[in-house]
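Only one structure is covered here, and it is reproduced in the block below.
The values are calculated or read from the model by the stated rules, or taken from the named source; none is laboratory data. None of the values given here were measured: they were computed from a predicted structure. Heads up, the Cβs are rebuilt from the backbone with ideal geometry, glycines too, and the neighbour counts pull from every protein chain shown. Only protein heavy atoms, including side chains, enter the accessible area calculation; ligands, DNA and RNA are left aside. Shrake-Rupley method; radii C 1.70, N 1.55, O 1.52, S 1.80 Å.
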Amino acid sequence: MKFFIDTASLDQIAEARDLGILDGVTTNPSLMAKEGITGEANILAHYKKICDLVEGDVSAEVISTDFAGMIAEGRKLVEIAPNIVVKVPMTKDGVKAICWFTENGIRTNCTLVFSPGQAILAAKAGATYLSPFLGRIDDTTWNGIQLIEEISEIFAIQGFDTEILAASIRSAKHIVEAAKAGADIVTCPLSSILGLLNHPLTDIGLAQFLADYQKGNR
Ligand code: E4P
């Protein structure tokens, strides 16, 4: 399973990269705004900084909602760096745009996926990645992990090669459950990735080893 970080923060991207386990980055307009990055020129320049930080794929989201606008934006985004993947929303125009990008050799991440039907459509259109939003589904009292399981089962039966990118991850537990449910990739906040490190028995065990070493070497 691959690990992406879901942020536009250069510091957090660098921290995850330095851990050695980072395979890529996802962003969205809200994450850009959270970092104070506004205006087209600044946003494009920020994508360039992210692409310079990591070797893996970087999802950059279009903000147009019509087919022509999505195509124009996507073409501009892929000029930034070879590791840019165009992030396109799951709408009628979005599906048309994913088909166009696929036919023209441009890789895509279909975002805002909330049902198995949407996942089938994104895969059929040739999306490189599709992003089911686990946390936002859990917020509605349905089950985000069940969605990953269903998509994973359908893709195995049908032989779709679109990669399932579990998004809207809210905890380390989500990461483990998404892995078990068949996600190819998880995109997570840094806090959830670091949360995987935690176990009190590790801390207790390490303290004991160090104390015993000190006793033996007095
Ligand atoms: C995915 O690519 C999205 O950027 C993201 O995971 C959304 O997460 P949120 O529901 O925590 O905003």
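Quick notes
- Volume in Å³ per residue [convex hull over Cα atoms, computed for segment 16-153]: 126 Å³
- Virtual spin-label span in nm between residue 44 and residue 199, 7 Å along Cα→Cβ: 4.9 nm
- Between 0 and 90 degrees, the angle of helix 92-103 with respect to the longest Cα principal axis of the chain falls at about 80 degrees.
- Cα→Cβ-extended label distance, 7 Å offset, between residue 65 and residue 206, nm: 4.9 nm
- Helical contribution to [θ] at 222 nm, DSSP H n ≥ 4, -39,500 (n - 2.57), averaged over the chain, rounded to 500: -16500 deg cm²/dmol
- Stretchable slack from residue 136 to residue 115, in nm (0.36 nm times residue separation minus alpha-carbon distance): 6.4 nm
- Under 5 Å, built H, 5+ apart or other chain: amide partners of residue 59: 25, 26, 27, 85
- Excluding ligands, DNA and RNA, the accessible surface per residue across segment 121-218 is 56 Å² with a 1.4 Å probe.
- For segment 76-218, lysine pairs separated by 8 or more sequence positions, or belonging to different chains, with Cα-Cα distances below 28 Å total 11.
- Computed extension length for residue 81-residue 215: 42.8 nm, one decimal, from 0.36 nm per residue of separation with the Cα-Cα distance subtracted.
- Residues of segment 147-173 with amide N under 14 Å of the 7 Å Cα→Cβ point at residue 180: 147-149, 172-173
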